[in-house]
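Note sheet for the following structure.
The values are calculated or read from the model by the stated rules, or taken from the named source; none is laboratory data. Note that this is a predicted model, so its numbers are computed, not measured. Here Cβ is always computed from backbone atoms with ideal geometry, including for glycine, and neighbour counts include all displayed protein chains. Side chains included, ligands, DNA and RNA excluded: accessible areas come from the protein's heavy atoms. Shrake-Rupley method; radii C 1.70, N 1.55, O 1.52, S 1.80 Å.
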Amino acid sequence: MDLFIASNRQLPIRYYVNEAIWIRRGCINLHQLTLPFFVEVEMKDPLHLLKITEYVQEVQKQYSYTEIQIIIKDKNILMHLQKILPHTKANHILTIEPLIHP
């Protein structure tokens, strides 16, 4: 997996076939995930990160309050998402961090 998205709210699964992005239910036990619901994200081309930002914003629009945690393997993707995703939105908490291997 390229990254994990966790939330205090239920997260939808998505398949963006044209962009080769699969967002599916998580099935691993990752100690860094501190929120109850999570999905695993697989991307064939990191140039389509805009779809990930749209996904996060879609979840934030759906609820009046969210906590979202994004854990990323690749440092380039991490730096890019930290730049393009707004960290401060009213009633929405967003943390983006690197994957720490146990």
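Odds and ends about this structure:
- All Cα-Cα separations within the chain were binned at 10 Å from zero, giving a P(r) of 15, 54, 30, 1, each value a whole percent of the pairs.
- Contact order, relative form, for the chain: 31 percent (alpha carbon pairs under 8 Å, 6 or more residues apart, mean separation divided by residue count).
- Paramagnetic reach from H48 (point 7 Å along Cα→Cβ, amide N under 15 Å) across the range 6-37: 14-24
- Accessible area in square angstrom per residue, the chain, 1.4 angstrom probe: 58
- Taken over the range 53-102, the convex hull of the Cα atoms encloses 74 Å³ per residue.
- Share of carbon and sulfur in the accessible heavy-atom surface of the chain [1.4 Å probe, %]: 55
- Estimated FRET transfer efficiency when R0 is 25 angstrom, pair H101-R9 (beta carbons, to 0.05): 0.35
- Length added when fully stretched, K61-N29, from 0.36 nm per residue minus Cα-Cα: 8.7 nm
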